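J.: Sharing a structure below in structure tokens format, with a few things to ask.
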């Protein structure tokens, strides 16, 4: 029994650094400079831009080529790493691909039409444009619904709550007789 206790205590002392808690703010340090970040402030506002610098007391976000915003650690409620295309860029690509695909399908259908109706080239081009715009618009609308991927890197501890007020200690009979 004593040997088991000694082995357990030795193991616990050796493994103690593994049990220590790390500061969640240290995860923000792992974000590479130039990556897109979104910082939700305790005030409710959001700062969005490229990671410029990490500091133990805050971080610097570059919003434009000549504009940087310093966010204090105490002001940062959440820090997200943003990846992927924006909704606008994704919608633009979907519109182009959808319109081109529809135009290609109509082109193939017209080329393989072995007879029957004969329409003017202008009418076929007009149909192709209208249907291409419609399909491209639907594809863009669907693509715009898909948000960018945001990975939560840091979340500040929620503010401490005030203790609830003690309930009225007077008996109900005394309160009714007042």
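The values are calculated or read from the model by the stated rules, or taken from the named source; none is laboratory data. Because the structure is a prediction, the values reported are computed rather than measured. As a convention, Cβ positions derive from the backbone with ideal geometry for all residues, glycine included, and neighbour counts pool all protein chains shown.
J.: Give just the number: which of (1) exposed (fewer than 14 other Cβ atoms within 10 Å of the Cβ); (2) at pLDDT 85 or above does residue 75 not satisfy?
T.: With respect to (1) exposed (fewer than 14 other Cβ atoms within 10 Å of the Cβ); (2) at pLDDT 85 or above, residue 75 is out only on (1).
One line per residue, one yes/no per condition, for (1) over 30 Å from residue 43 (Cβ atoms); (2) modelled with pLDDT under 90; (3) surrounded by 11 or more Cβ atoms within 10 Å (Cβ to Cβ):
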site	(1), (2), (3)
105	yes, yes, yes
114	yes, yes, no
121	yes, yes, no
126	yes, yes, yes
132	yes, yes, yes
137	yes, no, yes
141	yes, no, yes
158	no, yes, no
